[in-house]
Amino acid sequence: MAEWYTEILYPELAQRLRIDKVVFHEKTRNHEIMIFEHALLGRVLTLDGVLQVTEADEYVYHEMIAHVPLLAHGAARRVLIVGGGDGGSLRRCLMHDVEKVTVVEIDRTVVECCRRHLPAIGAGAFDDARAELVIGDGHGFVTKTKDNFDVIIVDSTDPIGPGEALFSRQFYAHCQRCLAPGGVLVTQNGVPFLQGDELRDAARRRGALFAHAGFYIAAIPTYYGGYMAFGWASDGADLRCQSVDEIRERFQAAGLETRFYTPEIHVGAFNLPPFIADLARIG
Ligand code: SAM
């Protein structure tokens with residue numbers, strides 16, 4: 001009899017994946033962590049019953065959460081990733097000419113089990129001399145740090161449990177303080193079709209703080225509900241006004257090999273369908 005993983009997204013909505021083999025399963029102070037094998041998706045990481053990342057489609061999410069802000073910024077040297085314990089965002093940031101990427105991940109076991117059981121996602125990124133891993137709460141880190149960053153990427157779980165603090169106005173205000181001039185903040189901002197409130201709240205909180213704020217989108221195959229939104233904010237450039245030519249020049253100079261990201265997709269991702277644009281409209 002097959003064993004199934006059921007992701008209960010809402011009381012009335014769930015998705016199921018057949019488990020071929022459980023590779024890792026442990027409860028830590030922060031999460032219930034499970035990694036299992038799936039015939040179509042490869043290895044799958046779940047935290048507290050919520051699907052986080054799969055080997056089969058991780059490149060869509062990680063290329064969009066990392067290459068968009070780094071190429072939009074154009075000269076990022078110091079990057080902060082809050083969350084991101086699977087290493088996928090770190091790996092993409094290190095493809096750029098950066099000096100240092102600091103990863104602040106609350107759960108050491110997530111990093112360790114992904115390095116061991118999901119090596120294809122991080123691909124040794126944590127061993128790169130430019131990578132610094134800090135085990136701790138991202139909210140506390142940005143509250144205390146004296147460091148400045150050109151790009152801050154919030155690659156977090158959803159706003160429940162330890163992730164909740166990473167969607168607060170205070171957190172965004174501290175991120176703004178930590179950003180160097182022209183710096184860019186990008187966040188995982190859920191699936192608007194099902195989590196519209198999350199997007200609306202984030203739009204209001206970031207819109208009240210930053211000169212420019214908005215969203216870009218991509219469809220992550222294993223995130224149920226269609227487009228996923230990435231929040232962005234900056235007191236420097238308005239990322240919606242960058243041309244394909246400008247982004248293509250940077251993309252080519254960076255010599256990136258991608259499976260989803262292109263300069264055309266980058267610029268196109270900021271064009272929101274009305275149902276998302278309406279949610280994002282602040283006030
Ligand atoms: N791609 C996934 C998504 O879109 O939901 C995110 C994956 S990544 C594994 C999420 C990470 O955020 C987890 O490893 C979790 O431990 C970390 N995290 C959650 N809350 C955190 C906090 N307050 N500070 C630092 N890391 C946190």
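The values are calculated or read from the model by the stated rules, or taken from the named source; none is laboratory data. Quick caveat: nothing in here was measured; it's all calculated off a predicted structure. Reconstructed Cβ throughout: ideal geometry from the backbone, glycine too, with neighbour counts over all protein chains shown. Ligands, DNA and RNA are excluded from the accessible area calculation, which covers all protein heavy atoms including side chains. Shrake-Rupley method; radii C 1.70, N 1.55, O 1.52, S 1.80 Å.
Details
- Residue that is nearest to the ligand (Cβ to nearest atom) [pool: residues in the range 20-42 that are part of a strand (DSSP E or B) and in contact (Cβ under 8 Å) with a residue 60 or more places away in the chain]: I33
- Odd one out for H96, checked against (1) open to solvent by 30 Å² or more (accessible area, probe 1.4 Å); (2) within 24 Å of A254 (Cβ to Cβ): (1)
- Here D86 clears all of (1) farther than 22 Å from A229 by Cα; (2) in the same structural domain as T145 (by TED's automatic domain parsing) except the condition numbered (1).
- Screening the range 78-93 for residues that are touching a Cys at 6+ places or on another chain (Cβ under 8 Å) and open to solvent by less than 10 Å² (accessible area, probe 1.4 Å) and picking the one that is nearest to the ligand (Cβ to nearest atom) gives G85.
- The set of residues from the range 119-177 being away from the ligand (no atom under 12 Å from the Cβ) and open to solvent by less than 40 Å² (accessible area, probe 1.4 Å) comprises A125, F126, A131, T145, F149, D150, V151, I152, Y172, A173, C175.
- Looking only at the range 237-273, residues that are open to solvent by 40 Å² or more (accessible area, probe 1.4 Å) and either within 21 Å of the chain's Cα centre (by Cα) or under 17 Å from G182 (Cβ atoms) (or both) come to 14 in all.
- Residue check, L209 among the hydrophobic types (A, V, I, L, M, F, W, C), within 15 Å of the chain's Cα centre (by Cα) and within 26 Å of G140 (Cβ to Cβ): no
- Residue count for the range 43-57, restricted to those that are open to solvent by 20 Å² or more (accessible area, probe 1.4 Å), more than 10 Å from the ligand (Cβ to nearest atom) and not acidic (D, E): 3
- Conditions (1) part of a strand (DSSP E or B); (2) surrounded by fewer than 14 Cβ atoms within 10 Å (Cβ to Cβ); number of the one not met by A75: (1)
- Qualifying residue in the range 238-259 (condition: under 30 Å from E55 (Cβ atoms), assigned by TED's automatic domain parsing to the domain that holds F141 and within 16 Å of the ligand (Cβ to nearest atom)): no
- Residues (in contact (Cβ under 8 Å) with a residue 60 or more places away in the chain and in a helix (DSSP H, G or I)) located in the range 109-140: T109, V110, C113, C114, R116, H117, A120, I121
- Look at (1) of a type in the set (S, T, Y); (2) surrounded by fewer than 24 Cβ atoms within 10 Å (Cβ to Cβ); (3) assigned to a helix (DSSP H, G or I) and you find that T102 fails only one, number (3).
- Test result for Y10, within 9 Å of the ligand (Cβ to nearest atom) and either out of contact with any Asp or Glu (no Cβ under 9 Å at 6 or more places or on another chain) or at pLDDT 95 or above (or both): no
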